[in-house]
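In what follows, a single structure is set out as structure tokens and then discussed.
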Amino acid sequence: MTNVESCPENDLMHGVIEGFYGPPWSHEERLTVLDWMAAFGLNTYFYAPKDDLKQRLLWREAYVESELHLLKDLIEACRQRGIQFVFALSPGLDMKYHSEAELSLLKAKCHQIRQLGGEHFAILFDDIPDVMGEEDQASFSDFAAAHCHVANQLYLWLKESMPTLRFLFCPTPYCARMRQAQLGGSQYLERVGQLLNQGIDVFWTGPEIISSEIPITDVQEIGRVLQRPPLIWDNLHANDYDGRRFYCGPYSGRPLALRKEVRGILHNPNNEALLNYVPWKTFADYVHATSDGWDARDAYLRAMQQWHDSFGSQGRPISLEAFLLFGDCFYLPQEHGEKAQLLLARAQKLFSAPVARNPEEANLFKDLAIPLRDTCREMVHLKNRSLFTALYRRNWDLREEMDLLLHCLDQMEQGKEQGFYSDYHLPGTYRGGLLADLQSLLKQQPDASFRTGSHES
């Protein structure tokens, strides 16, 4: 095994992945994203939207002229801003790995992008069935060998005419949990380390698909397995798995020293492009931080203050204090922001005992709940209607909960603690639908296990 050397920070690939499930960004949104990236000092835009059908499901089909026009404009926009453009293909849903004809189709698609000015490429084998057809089984000893064969052939072909090429590879098991489950085979990643050309970078998401923390020990271990430092595909702020949430908390849970152990860090964000200002600003601050005193919360507060300028209202102004509380309610997948934690703690304390015995607790809760509810109401009047559209569903849900809790509190203060009615939270429309009914059957515990309602204490 070769020694794995640390990667210098000035060679770090850092930027944005458009790599989520759901509607891809519009061309206008991508240009806005590139403007933010340039302003923040991020150097890589990675084009891999799961629902660009010709990138994944229909990868064999060539782009038509209208599609090529937009891609050419996007590549040129990257060039003008000093951002490297990486184009990805995801053929693993149905590719015949042994087929020269299939490899030729991959080359043809890459050639289309190369003619537009594309200089960097990737092949992704994530989220696919980890089985091979009979012909592939006869041609390759294992799943990893098939993937490495295709990647190596495509890389060497591109490298002939593109000496500065960066080529990226996503394995089928791309986090520690998948590796433990032996996805793709018991030695898949070890085989990738042995067989994959050393000029190819390999993606890794950390301990989990969505890793709250990525320890240095995690990337060092996988670096030894892959025989090269990994390239982090970071899903910290991805929300394509839960359409009722978005995340505007800071880039966190990654020590600064991690940058010396990886080939790069690319950030796969919220589906809604306009909701990623704070994640990308704090990510850029992390990338460029020079002090050991990196503080994610401080970076978040600075970024939120800057983002606040986009929330001009046609009605009453939204105060920075109320805006920070709103942001803390949509913080990170496994963490509420400080003000949201306080709101929740006050609500839990208040509604666990009769209000008549807790008038001070009631007032403390109102001090946060009322401004939050009013802020949610004021969001309806945002001047930036695209931003409001991106926020609308989540904003509505939060406002509904604040309305309900405050209404409940009002009823309890009047001595009506046995139950109450709301004029607008109607059965079947509030927390309704089959999915909500099914979700009520199992409750997840803090240790990640699930229990039925019959086992709740």
Within segment 382-392, the residues that are surrounded by 14 or more Cβ atoms within 10 Å (Cβ to Cβ) and in contact with a Phe, Trp or Tyr (Cβ under 9 Å, 6 or more places away or on another chain) are Leu382, Asn384, Leu387, Ala390, Leu391
Could you say whether any residue in segment 34-42 is among the aromatic types (Phe, Trp, Tyr), touching a residue at least 24 places away in the same chain (Cβ under 8 Å) and within 17 Å of His111 (Cα to Cα)? no
Within segment 129-157, the residues that are at pLDDT 95 or above, among the aliphatic types (A, V, I, L, M) and outside any helix (DSSP H, G or I) are none
Looking at segment 171-186, can you tell me whether even one residue there is part of a helix (DSSP H, G or I), crowded, with 21+ Cβ neighbours inside 10 Å and out of contact with any Leu (no Cβ under 8 Å at 6 or more places or on another chain)? no
Lys260 vs (1) touching a helix residue (DSSP H, G or I) at 6+ places or on another chain (Cβ under 9 Å); (2) within 26 Å of Phe125 (Cβ to Cβ): all pass except (2)
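Tell me which residues, restricted to segment 256-276, are part of a loop (DSSP other than H, G, I, E, B) and of a type in the set (Asp, Glu). Give the steps one after another, and end with the answer.
We begin by selecting, within segment 256-276, every residue part of a loop (DSSP other than H, G, I, E, B); these are 262-263, 268-272, 276.
Residue satisfying the conditions is Glu272 alone.
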Of those in segment 124-139 that are farther than 18 Å from Trp204 by Cβ and surrounded by fewer than 18 Cβ atoms within 10 Å (Cβ to Cβ), the residue nearest to the chain's Cα centre (by Cα) is Pro129
Going through segment 270-300 in order, the residues found to be hydrophobic (A, V, I, L, M, F, W, C) and under 11 Å from Cys248 (Cα atoms) are Leu274, Leu275, Val278, Trp280
Inspect all residues belonging to segment 243-257 and state whether any of them is within 24 Å of Val192 (Cβ to Cβ) and either of a type in the set (A, V, I, L, M) or outside the structural domain of Pro49 (by TED's automatic domain parsing) (or both).
no
Going through (1) out of contact with any Phe, Trp or Tyr (no Cβ under 8 Å at 6 or more places or on another chain); (2) under 26 Å from Tyr286 (Cβ atoms) one by one, Phe167 fails only at (1)
Ile232 fails exactly one of (1) aliphatic (A, V, I, L, M); (2) under 30 Å from Arg394 (Cα atoms); (3) surrounded by fewer than 20 Cβ atoms within 10 Å (Cβ to Cβ), namely (3)
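In the list Arg259, Arg254, which residue meets the criterion of being of a type in the set (Lys, Arg), touching a Leu at 6+ places or on another chain (Cβ under 8 Å) and either over 30 Å from Leu435 (Cα atoms) or touching a residue at least 12 places away in the same chain (Cβ under 8 Å) (or both)? Can you show your working first?
Values: Arg254 fails: touching a Leu at 6+ places or on another chain (Cβ under 8 Å).
When all the criteria are applied, what remains is Arg259.
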Selection from segment 148-166 of residues buried (at least 22 other Cβ atoms within 10 Å of the Cβ) and under 26 Å from the mean Cα position of the chain (by Cα) yields Ala151
How many residues of segment 281-321 are closer than 22 Å to Leu382 by Cβ and either in contact with a strand residue (DSSP E or B) (Cβ under 7 Å, 6 or more places away or on another chain) or not in a helix (DSSP H, G or I) (or both)? The answer is 9
Val192 vs (1) of a type outside the set (S, T, N, Q); (2) in contact with a strand residue (DSSP E or B) (Cβ under 9 Å, 6 or more places away or on another chain); (3) modelled with pLDDT under 95: all pass except (3)
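Taking into account only those residues within segment 43-86 that are in a strand (DSSP E or B) and touching a residue at least 60 places away in the same chain (Cβ under 8 Å), which is surrounded by the fewest Cβ atoms within 10 Å (Cβ to Cβ)? Talk me through it step by step, then tell me what you get.
If we filter segment 43-86 for residues that are in a strand (DSSP E or B), which is where we start, we get 44-47, 84-86.
When the remaining residues are screened for being touching a residue at least 60 places away in the same chain (Cβ under 8 Å), the result is 44, 46, 84, 86.
Numbers: Thr44: 23, Phe46: 24, Gln84: 18, Val86: 24.
It comes out as Gln84.
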Whether any residue in segment 394-406 is surrounded by fewer than 16 Cβ atoms within 10 Å (Cβ to Cβ) and free of Cβ contacts under 8 Å to residues at least 12 places away in the same chain is what I want to check.
no
So is Gly243 closer than 27 Å to Leu344 by Cα, small (Gly, Ala, Ser) and within 19 Å of the chain's Cα centre (by Cα) or not?
yes
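The values are calculated or read from the model by the stated rules, or taken from the named source; none is laboratory data. Quantities reported herein were computed from a predicted structural model and do not represent experimental measurements. So basically every Cβ, Gly included, is an ideal-geometry build from the backbone, and we count neighbours across all protein chains shown.
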